[in-house]
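Undergrad: Take this structure first; my questions come after.
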Amino acid sequence: MIGETAAFVRAVRVAGPGREFLPTPGEPVDLVLADGRILDIAPTGNLRPRGHIIDGRDGWLLPGLWDHHVHVVQWALSVERIPLGDAASAAEAAAMMGRAPVSDGRRIGVGFRDGLWPDEPTLDVLDAATGQVPTYLVNADVHSVWMNSAAFRREGIEPSASGMLREEEAFEISRRINDVGSDVADRAVERMARAAAARGIVGLVDLDMTWNDEPWQRRVARGFDALRVSYGTYPQHLDRAIAEGLRTGDPVRGAHHDLVRVGPLKAITDGSLGTRTAACAHPYPGDVGNHGLLTIPPHELEDLMTRATAAGLECAIHAIGDVANAHALDAYARTGAVGTIEHAQLVAHADIPRFARLGVAASVQPEHALDDRDMTDAIWAEQSAQPYPLRALADSGANLRFGSDAPVAPLDPWAAMASAVFRTRDGRHAWQPHQRVDIDTAIAASTAGGSTSPAEIAPGARADLVIVDADPRTADERGLRSMPVRTTLIAGRVTHAS
């Protein structure tokens, strides 16, 4: 029963980290849970059942799963917006929006990918299809927004000929259209959390582009307890975070539980592949002067990271292009900061070993590799760095932490694992198969600590657990993506039961 605290898990096989320490690996075990932790593990029949019992027969036990990069409100609201992922051209995307229903006086579409469209998005094309209804199309990578004239008027912005806003201007539009009021947002987040628990998720890192401390205080006060959450702070709010004493790992203020905690400083240092703004060593095809852009100069990044570190905040540095990754690694080396590089989508071969040497975790989104495979082959064809270097990072000793960057990809750890292990979906041949990782690495990277320090099934470990219907170590690509989740527990409390 959801919400009930389990005290005993019966006859389940362990498939995740920690199974190698069991007395009889592969055989069913019973677990005693107490005070939010695993108290004891033994072969089935050797422990006395107590309290609420979960029958794990024919199931497989893993540590609870994490998504290490989510934009919580954006993802929660995306289910109510028009999906544009199938649009094959600007004209088609505009036509889809022209047919879309109007909500709150506007139309909002999400998920378009214009990198390989045969035609250019323009203000005229979108105006002709959408008329006088303010219309917003948010790129799948969230780094650009295409708007019609009515939307520009509504936002008080002078339109450009393309109708396209990029980087910080696009982020500001996202902040505005996601400002739907606390009641609407919090209900959407509750629904999102239940759906996440149904996929075995016990925790996530929330990197919404706002002052996240206040909404998480409010949600906890309203009773939110469906997930563990670590929430980020952005540079424009760093002074406030320092003044108010926020430190990574501290529980959100006023909380009656410790599920929601202060997370890292999040800094975006370059653009994206899809918007052709990721900072790269070689220019983008057909645009000789375009190497992308650094949105935070290196000296400013070092200052931000130094101040955050002195105040007790870890760092999460967005870097997609190889130039941005090199600068981010340099900043970690010079500041002694602790944290992650978010995305690491294109990394120079010489920089790959630096992640492990500097203790910088690679917070990566394996589904993006397949979303972007055709764009990567076309747009980054002349780059000399390695795109999506999962295996290379793992082999170098780097700590991989998997995520989705939802809404860029769906919040589903099984999809991330499948993409990392098989590097394919939809029946296509594997893309850059030399960068596959093994299933054990993928599972570990999907737990709280990441691939080099995963959560384990062991006495004393936190009772954040998930029981699934099949052994993920033997599943094929489709089986891994569609993995049935039977039960999810946080600190021994059931958050999902099928």
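Undergrad: What does the C-alpha gyration tensor say about the overall shape of region 185-325? Classify as rounded when a/c is under 1.5, otherwise prolate if a/b is larger than b/c, or oblate.
TA: Working: a/c = 3.00, a/b = 1.62, b/c = 1.85.
Since a/c reaches 1.5 but b/c is at least a/b, the shape of region 185-325 is classed as oblate.
Undergrad: Around Ala326, under 9 Å between beta carbons, what's the net of Lys plus Arg minus Asp minus Glu among the other residues?
TA: Value of the local net charge: -2.
Undergrad: Report the Cα centroid-to-centroid distance between region 66-92 and region 221-260 in angstrom, as an integer.
TA: A separation of 26 Å, based on Cα centres.
Undergrad: On to the next question. For region 84-221, what does the accessible surface come to per residue with a 1.4 Å probe? Please give it in Å².
TA: Ligands and nucleic acids excluded, the result is 39 Å² per residue.
Undergrad: Now a separate question. Mind giving me the nanometre distance, one decimal, between the label points for Asp471 and Leu116, set 7 Å out from Cα along Cα→Cβ?
TA: About 3.7 nm separates the two model spin labels.
Undergrad: Take the alpha carbon gyration tensor of region 196-278, find the square roots of its eigenvalues, order them as a ≥ b ≥ c, and report rounded if a/c is under 1.5; if not, report prolate when a/b exceeds b/c, else oblate.
TA: Cα axes put region 196-278 in the oblate bin.
Undergrad: Find the accessible area per residue for region 377-485; the probe is 1.4 Å, ligands and nucleic acids are left out, and the unit is Å².
TA: For region 377-485, the solvent-accessible area averages 36 Å² per residue.
Undergrad: Can you tell me how much longer the chain between Arg99 and His429 gets when fully stretched, taken as 0.36 nm per residue apart minus their C-alpha distance, in nm with one decimal?
TA: 115.3 nm
Undergrad: Something else: Using only helices, what value at 222 nm comes out for the chain when you add -39,500 (n - 2.57) per DSSP H run of length 4 or more and divide by the total residues, to the nearest 500 deg cm²/dmol?
TA: Taken over the chain, the calculation gives -8500 deg cm²/dmol.
Undergrad: Order the peptides 300-312, 47-59, 80-92, 447-459 from the highest to the lowest mean number of other Cβ atoms within 10 Å of their residues.
TA: Details: 300-312: 18.6, 47-59: 15.2, 80-92: 17.0, 447-459: 20.2.
In descending order of packing, they fall as 447-459, 300-312, 80-92, 47-59.
Undergrad: Ranked highest first by the average count of other Cβ atoms within 10 Å around their residues, in what order do 384-392, 286-294 fall? Spell out each step's value before the answer.
TA: Working: 384-392: 21.7, 286-294: 13.6.
Ranked by mean Cβ neighbours within 10 Å, highest first: 384-392, 286-294.
Undergrad: While we're here: Given contacts defined as C-alpha pairs under 8 Å and at least six residues apart, what's the relative contact order of the chain, whole-number percent?
TA: In percent, rounded to a whole number, it is 19.
Undergrad: What do you reckon, how do Arg357, Arg401 stack up by accessible area (1.4 Å probe), largest on top?
TA: Working: Arg357 170, Arg401 65 Å².
Ranked from most to least accessible, the order is Arg357, Arg401.
Undergrad: What per residue convex hull volume, in Å³, do the alpha-carbon atoms of the chain yield?
TA: 143
Undergrad: How much length is gained on full extension from Ser396 to His257, taking 0.36 nm per residue of separation minus their Cα-Cα distance?
TA: Computed gain between Ser396 and His257 is 46.3 nm.
Undergrad: Take the solvent-accessible surface of the protein heavy atoms, probe 1.4 Å, and return the percent of it on the chain that carbon and sulfur atoms account for.
TA: 51
Undergrad: Heavy-atom accessible area of Tyr234 with all protein chains present, probe 1.4 Å, nearest 10 Å²?
TA: Number for this one is 10 Å².
Undergrad: On alpha carbon coordinates alone, what is the Rg over Rh value for region 387-498, Rh being the Kirkwood radius?
TA: That ratio is 0.97, to two decimals.
Undergrad: If R₀ is 22 angstrom, what is the calculated FRET efficiency for the pair Ser482 and Glu27, using the beta carbon separation as r and rounding to 0.05?
TA: Efficiency at R0 = 22 Å is approximately 0.25.
The values are calculated or read from the model by the stated rules, or taken from the named source; none is laboratory data. Here the structure is a predicted model, which is why all the values come from computation and not from measurement. Glycine also receives a Cβ, built like all others from the backbone with ideal geometry; neighbour counts cover every protein chain displayed. Just so you know, the surface numbers come from the protein's heavy atoms only, side chains and all, with ligands and any DNA or RNA stripped out. Shrake-Rupley method; radii C 1.70, N 1.55, O 1.52, S 1.80 Å.
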